[in-house]
1. Give the lysines reachable from LYS163 as a straight Cα distance under 17 Å; neighbours fewer than 8 places away on the same chain don't count.
2. Once phi is turned into ³J(HN,Hα) by the Karplus curve 6.51 cos²θ - 1.76 cosθ + 1.60 with θ = phi - 60°, what whole-Hz value does each residue of the stretch 112-124 show in order, with x for glycine and proline?
3. So with the 1.4 Å probe, I'd like the accessible area per residue for the stretch 419-466, rounded to whole Å².
4. Place a point 7 Å from Cα of LEU53 in the direction of its Cβ. Which residues in the stretch 189-216 have their backbone N less than 13 Å from it?
5. Determine, from the Cβ-Cβ distance of LYS418 and GLU195 and an R0 of 41 Å, the FRET efficiency 1/(1 + (r/R0)^6), rounded to the nearest 0.05.
6. With Rg and Dmax of the Cα atoms in Å in mind, check (i) 40.8, 149; (ii) 22.6, 74; (iii) 21.7, 70 and report the label derived from this structure.
7. Distance from a point 7 Å along Cα→Cβ of ASN356 to each backbone N in the stretch 125-158: keep the residues under 14 Å and list them by number.
8. Measuring from centroid to centroid over Cα atoms, what is the spacing of the stretch 149-180 and the stretch 310-326 in Å?
Amino acid sequence: MEENQPGDFKRELGLLDGTMLVVGSMIGSGIFIVSADIARQVGSAGWLTLIWLISGIITMIAAVSYGELSAMFPKAGGQYVYLKEAYNKLIAFLYGWSFFAVIQTGTIAAVGVGFSKFAAYLIPSLSDENILYELGSFKLNAAQIVSIITIVLLTYVNSRGVKNSKTLQTVLTVIKILSLFGLIVFGFLLAAKAEVWNANWSDAWNTRSFNTDTGSWLPIGGTALLTGISAAMVGSLFSSDAWVGVTFIAGEIKNPKRNVGLSLFLGTFIVTIIYVLTNLMYLAVIPLYEIATAKSDRVAVVASQYTFGDMGTIIIALMIMISTFACNNGLIMAGARVYYTMAKDGLFLKKAANLNSASVPEWALWVQCVWASLLCLTGKYGDLLDFVIIIVLIFYILTIYGIFILRKKMPEVERPYKAFGYPFLPLVYIVIASAVCVSLLITKFSTCGWGVLIMLTGIPIYYATKPKE
């Protein structure tokens with residue numbers, strides 16, 4: 001097949017673009033707020049840092065494992081394609097169904113609302129407290145309108161061609177990386193105090209949980225500690241997610257057999273370094289009690305106020321607005337490629353299989369936009385994210401196990417890149433991710449159970465809609 005026949009994707013993205021898509025999609029608002037909840041769950045500097053480090057390492061293991069699959073199947077659709085090749089169309093459909101119903105669209109909605117929350121710092125009338133319309137129990141607020149406008153705007157930019165969206169992604173992600181490094185460096189230089197650092201690390205491995213009602217710490221161990229760690233890891237794993245997006249756009253990446261896997265490794269490595277350094281900066285600037293009790297969990301705002309004074313809040317608000325805007329651009333760009341590939345298999349709305357004159361799946365982009373916008377209106381984006389993580393982990397486990405299946409099923413297929421540390425590291429990921437899933441089902445069944453149920457509702461839908469063989 002020639003590179004750019006009509007109706008084909010254009011290979012216009014290089015290694016830098018792929019890496020920036022991974023970094024830009026991973027860094028949303030999580031690193032600015034999640035550490036507060038982790039501190040409340042485990043109550044020590046050592047465990048706070050270790051949870052971010054473990055999340056980063058297992059994300060990197062997953063990413064380098066995906067490198068083998070991306071080199072074997074360097075085409076649009078990524079994880080959906082890998083699941084179809086390793087298992088069957090039903091498993092792939094369940095992933096695509098969950099992806100459209102909750103995973104990608106729910107994340108786009110939540111990131112959009114994250115943008116509007118911090119925009120309200122600069123323009124208070126954009127707050128979710130500004131109710132514009134009421135009908136029974138339904139309330140439409142300004143923050144929801146702002147989040148929908150950003151989703152529509154980014155969908156429009158993406159519908160005009162991959163060149164526009166890649167330029168926006170790369171520029172915003174470079175600004176995001178530089179501003180986060182600026183926050184880290186200035187935090188250490190201007191606000192770090194030896195007494196704060198020493199106090200935070202004096203009891204580094206003594207696990208406690210924070211009781212918000214009494215404002216006091218309670219020692220934990222055994223089952224309570226395992227529960228705390230798994231609850232804490234939800235936030236850090238979320239903040240480290242969305243790296244897989246670059247596999248969805250493999251059809252638009254130059255030399256995908258090399259560049260997709262390398263983008264995955266470089267992107268997850270850069271983000272892990274940034275996340276760990278950011279948390280070390282928090283621990284050098286803010287007493288652990290203040291990290292745990294930060295208003296609305298906005299730890300980065302507290303750190304920035306210590307560093308830059310009253311200007312700190314505005315600086316962080318601007319950083320998070322840039323961060324979430326770039327994050328959503330990456331999510332919107334990548335998501336539509338999955339629906340396109342499903343539609344090609346007759347497993348999604350037929351029109352989603354068409355590319356427009358700019359060689360992008362415009363119809364798939366707008367369907368995603370409409371559903372993500374409706375999810376913004378539910379106001380339930382917090383719940384959505386809570387039970388998205390279990391579906392995400394289940395499919396990561398299945399996909400990485402798919403490497404073992406494909407080694408037996410397709411031994412003759414060329415593998416320009418092989419999973420690093422196979423079989424040991426992929427197995428480590430499968431064991432850790434499975435343990436987190438089991439722990440979540442036990443400790444957060446009310447939300448995670450719904451996540452599994454949404455996934456399983458795809459089974460009757462698959463059999464009702466699949467094309468006759």
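The values are calculated or read from the model by the stated rules, or taken from the named source; none is laboratory data. All values reported here derive from a predicted model rather than from experimental measurement. Because the Cβ atoms are built from the backbone with ideal geometry, glycine has one as well, and the counts that use them run over all protein chains shown. Surface accessibility is based on the protein's heavy atoms, side chains included, excluding ligands, DNA and RNA. Shrake-Rupley method; radii C 1.70, N 1.55, O 1.52, S 1.80 Å.
1. LYS10, LYS254
2. Result, rounded to whole Hz: x, 5, x, 4, 5, 4, 7, 5, 5, 5, 8, 10, x.
3. Working: 2660 Å² over 48 residues.
In whole numbers, the stretch 419-466 has 55 Å² accessible per residue.
4. Only 204-205 fall inside the zone, counting backbone N under 13 Å.
5. On the way: r = 49 Å, r/R0 = 1.21.
In this case the efficiency is close to 0.25.
6. The value matching this structure is (iii).
7. It comes to 152-158, nothing else.
8. Taking the Cα centre of each part, the stretch 149-180 and the stretch 310-326 sit 16 Å apart.
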